[in-house]
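Participant: Below you'll find the structure I mean.
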Amino acid sequence: MRRRLFVVIAFGLIGVAILISLGIWQLNRLAWKESVLAEIEARIGSAPVPVPAITDPVDDRYLPVSTNGTLQGEPVRILVSVQGSGPGYRLISVIEAEGRRLMVDRGFIAESAGDAPEPTGPITVIGNLHWPDEIDGFTPSPDVARNIWYARDVAALANHLGTEPILIVAREPITDGPVTPLPVTSEGIPNNHLGYAVQWFGLALVWLGMTAFLGWRITRRTA
């Protein structure tokens with residue numbers, strides 16, 4: 001009986017120790033992720049700079065930029081839904097700026113607003129570079145005939161519009177009108193480490209309770 005009880009207790013304590021260590025690891029990851037998010041937020045809101053001649057989707061993600069130019073052609077419409085505004089579209093336009101053709105995400109227009117007049121003349125765009133990861137196996141192919149896309153695929157959009165694979169997400173309105181900027185934020189970056197830590201600590205408590213119950217059953221049988 002003593003040997004069996006010892007094995008149960010040893011196995012239980014080892015399991016509890018492993019689960020607690022996993023919970024502590026997740027808490028450490030939480031602190032790291034919060035630091036990363038704080039750095040991203042600080043970068044997003046910093047002073048804009050000219051669009052670099054050469055950009056990197058990793059190193060230049062969220063980089064604040066400013067450029068002057070004119071919009072060209074009809075914007076691409078990305079189907080989205082915004083809480084409180086219902087269904088609508090992100091408008092992705094071509095901007096010719098300083099001899100370059102780039103893309104600018106002007107923001108959201110509600111489906112009920114109809115077609116907004118296109119800005120004419122020189123404009124200033126202030127926003128952040130972004131290469132959003134919105135494509136998965138369930139994303140429909142774009143309906144080019146109806147000018148409706150279902151995700152911001154920067155490479156595909158650049159090929160379709162004949163621009164560099166650079167997307168500026170406006171953080172300020174470009175002109176007056178029904179288009180509302182949807183600026184880049186860190187809200188879409190997952191941070192689930194606290195929930196994972198709670199799960200591991202909860203499992204440790206359950207494991208400890210099961211170990212105590214099993215040990216009690218063993219001692220009762222031999223009493």
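Participant: Skipping prolines and chain starts, which residues have an amide H placed within reach, meaning under 5 Å, of the one on Gly107, given they are 5 or more residues away or on another chain?
Facilitator: Excluding prolines and chain starts, which carry no amide H, the hits are Leu91, Leu182.
Participant: In debye, nearest 20: dipole of region 63-170 around its Cα centre with unit charges on the Cβ of K, R (+) and D, E (-)?
Facilitator: The calculated dipole for region 63-170 is roughly 120 debye.
Participant: Using Cα atoms only, what is the angle between the long axis of helix 2-44 and the major principal axis of the chain, expressed in degrees (0 to 90) to the nearest 10?
Facilitator: Compared with the principal axis, the helix lies near 20 degrees.
Participant: For Glu98 and Asn147, FRET efficiency with R0 = 30 Å and r from the beta-carbon atoms, rounded to 0.05?
Facilitator: So the FRET efficiency works out to roughly 0.65.
Participant: Round to the nearest 10 and give me the degree value, 0 to 90, for the angle of helix 193-221's Cα axis relative to the longest principal axis of the chain.
Facilitator: Compared with the principal axis, the helix lies near 20 degrees.
Participant: Rounded to the nearest angstrom and ordered from largest down, what semi-axes does the equivalent ellipsoid of region 63-170 get from its C-alpha gyration tensor (root of 5λ)?
Facilitator: Taking √(5λ) for each eigenvalue gives 21, 17, 14 Å, largest first.
Participant: Let me ask something additional. Please compute the modelled spin-label separation between Phe6 and Gln72, points set 7 Å along Cα→Cβ, answer in nm with one decimal.
Facilitator: Placing both labels 7 Å along Cα→Cβ, they lie 8.2 nm apart.
Participant: Kindly provide the pair-distance distribution of the chain built from C-alpha pairs, with 10 Å bins from 0 and whole-percent values in order of increasing distance.
Facilitator: All Cα pairs, binned at 10 Å, distribute as 7, 25, 23, 13, 10, 9, 7, 4, 1, 0 percent.
No value in this document is a laboratory result; all are computed from the given coordinates. These figures come from a predicted structure and were not determined experimentally. FYI the Cβ positions are ideal-geometry reconstructions off the backbone, even for glycines, and counts take in every protein chain you see.
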